[in-house]
Amino acid sequence: MAGDLTRAAAEELLADLVAIPSVNPSLDSAGGGESAIAAFAVQWLRARGLAAQLEEAAPGRPNVHAAAGAGGRDLCLYAHLDTVDAGAMEIDPFAGAVAGGRLYGRGAYDMKGGLAAVLMAAAALAAGGPHGGRLSVALVADEEYASVGADAYVRVHRPAACILTEPTDGRLVLTHKGFVWLEVATRGRAAHGSRWDLGVSAIGRMAPVVAALEAFDRDVLRARQDPLVGPASLHCAVISGGTGVSTYAAQCRLQVERRLLPGESAHAAAAEIERIVRGAAPDAEVAAYFSRPGLVGGMDAPVSRAVLAAAAAVTGTEPTVEGAAYWTDAAIFAEAGIPAVIFGPTGAGAHGSVEWVEVDSVVAVARILVEAARRFWA
Ligand SMILES: [Zn+2]
């Protein structure tokens, strides 16, 4: 029923969402992807008066866009449709079992709880008629892998602000880190293992690079602190080189991840790493091959103030305001010029073997979204 923000309604909707597997096929080749859950969401929203449609983010990878109201500022409510795989779970991942006020299953916490809250809030806002604002719903594919869904969404839609309901246990997250990935390559000279006079090991040439990067992380990056998200960091993540024990290694490759503070430039961070690497191995090649910015936000954005005030009004307590170390699609919205905040339900087990969300926290988030939208539009 439209506008029904009750525990019973949340439990029923959540169980339906968990029962539709939406494992990201880029993470697990057996994963069915977002098509079935996207079709369910479109039907669910249409039945409650929203104009909802599928939008293909990539072949076979649909987003859902829905809208209600006209005129005024466009507030977007976001959830991602995909989950990680369920292979190592210790519970039935799709049964939606409920015990002790918790609903269990793959994606219950990350983030079908938030998805249920978005759907319920959208239905309630649409049922309430015009509010002097416009509502958009962004349900996107592929957050758990390459975020093709969010990238595609912001290419087409430009809401005035966005609330993402990734699980935050009732905290308001305004800022988070970004990252840049680099590959470093050193070359040696292949030779028979007995030919010390001819051979040069590329792995040996990489060793001072690893040591220099570790020292840079420890001595320099750890001192760069953001008050909400903590220090910058890097780590040597993957290394490979050599072809056999009796051959001097001709090549060695190292993948490095550098986590960026909010507002830090990926380009500048990569250039800095290149200088460190060159200092340790002048002939090494360094290439940055992928990056995502951090989320830059603050309490000055109207959407931040609306969510804070709404949470205080609904729960009686102001939520904790914090930054996060992990990355989310919020940064894609913010980079597109759309202020974005993260506020979602309570639970545990994201990507883990036992995942659950507290049903009452889903209802609370739905109510807070409704209240935040009214404040944002006022
Ligand atoms: Zn998530």
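Would you confirm whether or not segment 322-339 contains a residue that is among the aromatic types (F, W, Y), more than 15 Å from D169 (Cβ to Cβ) and either open to solvent by less than 60 Å² (accessible area, probe 1.4 Å) or assigned by TED's automatic domain parsing to the domain that holds L139 (or both)? Steps first, please.
Going through segment 322-339, the residues among the aromatic types (F, W, Y) turn out to be 326-327, 333.
Cutting the leftovers down to more than 15 Å from D169 (Cβ to Cβ) gives us 327, 333.
Pick out the ones that are also either open to solvent by less than 60 Å² (accessible area, probe 1.4 Å) or assigned by TED's automatic domain parsing to the domain that holds L139 (or both) and you get 327, 333.
Checked segment 322-339: at least one residue is among the aromatic types (F, W, Y), more than 15 Å from D169 (Cβ to Cβ) and either open to solvent by less than 60 Å² (accessible area, probe 1.4 Å) or assigned by TED's automatic domain parsing to the domain that holds L139 (or both).
Would you please list the contacts, defined by Cβ atoms under 8 Å and residues six or more apart or on different chains, that run from a residue in segment 89-114 that is under 27 Å from A141 (Cβ atoms) and free of Cβ contacts under 8 Å to residues at least 60 places away in the same chain to a residue that is within 16 Å of the ligand (Cβ to nearest atom) and not aliphatic (A, V, I, L, M)?
D92/G105; A97/G105
What's the number of the condition L228 fails, among (1) modelled with pLDDT of 95 or more; (2) touching a strand residue (DSSP E or B) at 6+ places or on another chain (Cβ under 8 Å)?
With (1) modelled with pLDDT of 95 or more; (2) touching a strand residue (DSSP E or B) at 6+ places or on another chain (Cβ under 8 Å) applied to L228, the lone miss is (1).
Looking only at segment 90-113, filter to residues that are part of a loop (DSSP other than H, G, I, E, B) and closer than 30 Å to E56 by Cβ; which one of those is nearest to the ligand (Cβ to nearest atom)? Give the derivation first.
So in segment 90-113, the residues part of a loop (DSSP other than H, G, I, E, B) come out as 90-97, 100-101, 105-107.
Retained after the next criterion (residues that are closer than 30 Å to E56 by Cβ): 93-94, 96, 105-107.
Numbers: P93: 16, F94: 18, G96: 18, G105: 14, R106: 12, G107: 9 Å.
Going through the qualifying residues, I end up with G107.
Which is in contact with a strand residue (DSSP E or B) (Cβ under 7 Å, 6 or more places away or on another chain), at pLDDT 95 or above and more than 30 Å from V303 (Cα to Cα), of R195, R205, R171? Let's see the steps before the verdict.
Working: R195 fails: in contact with a strand residue (DSSP E or B) (Cβ under 7 Å, 6 or more places away or on another chain); R171 fails: more than 30 Å from V303 (Cα to Cα).
That would be R205, the only listed residue that is in contact with a strand residue (DSSP E or B) (Cβ under 7 Å, 6 or more places away or on another chain), at pLDDT 95 or above and more than 30 Å from V303 (Cα to Cα).
Counting only residues that are among the polar types (S, T, N, Q) and assigned to a strand (DSSP E or B), which one in segment 242-258 is farthest from S194 (Cα to Cα)? It would help to see each step written out before you state the result.
Narrowing segment 242-258 to residues among the polar types (S, T, N, Q): 243, 246-247, 251, 255.
Of the ones still in play, those that are also assigned to a strand (DSSP E or B) are 247, 251, 255.
On the way: T247: 8, Q251: 18, Q255: 30 Å.
Checked segment 242-258; the qualifying residue farthest from S194 (Cα to Cα) is Q255.
In this structure, does R222 turn out to be open to solvent by 80 Å² or more (accessible area, probe 1.4 Å), more than 18 Å from R258 (Cα to Cα) and among the charged types (D, E, K, R)? First the steps, then the outcome.
Numbers: open to solvent by 80 Å² or more (accessible area, probe 1.4 Å): yes; more than 18 Å from R258 (Cα to Cα): no; among the charged types (D, E, K, R): yes.
Taking the combined requirement at face value, the residue does not satisfy it.
Taking the stated definitions as given, is V154 β-branched (V, I, T), in contact with a strand residue (DSSP E or B) (Cβ under 6 Å, 6 or more places away or on another chain) and away from the ligand (no atom under 14 Å from the Cβ)?
No, not satisfied.
Enumerate the pairs (first residue in segment 263-286 and without any contact (Cβ under 8 Å) to a residue 40 or more places away in the chain; second residue anywhere and open to solvent by 60 Å² or more (accessible area, probe 1.4 Å)) with beta-carbon separation below 7 Å, excluding pairs fewer than 6 apart on the same chain, so at least 6 apart or on different chains.
From residues that are without any contact (Cβ under 8 Å) to a residue 40 or more places away in the chain, the pairs are G263/V296.
Which pairs do you get when a residue that is assigned by TED's automatic domain parsing to the domain that holds I163 and within 12 Å of the ligand (Cβ to nearest atom), found in segment 133-145, comes within reach of a residue that is of a type in the set (S, T, N, Q) and at pLDDT 95 or above, reach meaning Cβ atoms under 8 angstrom, with the pair 6+ apart or on two chains?
Qualifying pairs under 8 Å: V140/N63; V140/S147; D142/N24; E143/T328; E144/N24; E144/T83; Y145/N24.
I'd like the full set of residues that are aliphatic (A, V, I, L, M) and touching a Ser or Thr at 6+ places or on another chain (Cβ under 7 Å), limited to segment 121-149.
A146
Please enumerate the residues belonging to segment 171-197 that are within 16 Å of the ligand (Cβ to nearest atom) and assigned to a loop (DSSP other than H, G, I, E, B).
Of everything in segment 171-197, those that are within 16 Å of the ligand (Cβ to nearest atom) and assigned to a loop (DSSP other than H, G, I, E, B) turn out to be R171, K177.
Considering only segment 59-88, how many residues are open to solvent by 50 Å² or more (accessible area, probe 1.4 Å), out of contact with any strand residue (DSSP E or B) (no Cβ under 8 Å at 6 or more places or on another chain) and touching a residue at least 40 places away in the same chain (Cβ under 8 Å)?
Of the residues in segment 59-88, the ones open to solvent by 50 Å² or more (accessible area, probe 1.4 Å) are 59, 70, 72-73, 85, 87-88.
Checking which are out of contact with any strand residue (DSSP E or B) (no Cβ under 8 Å at 6 or more places or on another chain) leaves us with 59, 87-88.
Still in the list and also touching a residue at least 40 places away in the same chain (Cβ under 8 Å): 87-88.
Residues meeting the conditions: 2.
Which condition breaks for E56 when tested against (1) in a strand (DSSP E or B); (2) buried (at least 23 other Cβ atoms within 10 Å of the Cβ); (3) more than 16 Å from the ligand (Cβ to nearest atom)?
The failed condition is (2).
The values are calculated or read from the model by the stated rules, or taken from the named source; none is laboratory data. Note that the coordinates shown come from a computational prediction; the quantities given were computed from them, not determined experimentally. Cβ coordinates were reconstructed from backbone atoms using ideal geometry, including for glycine residues, and neighbour counts include every protein chain displayed. Only protein heavy atoms, including side chains, enter the accessible area calculation; ligands, DNA and RNA are left aside. Shrake-Rupley method; radii C 1.70, N 1.55, O 1.52, S 1.80 Å.
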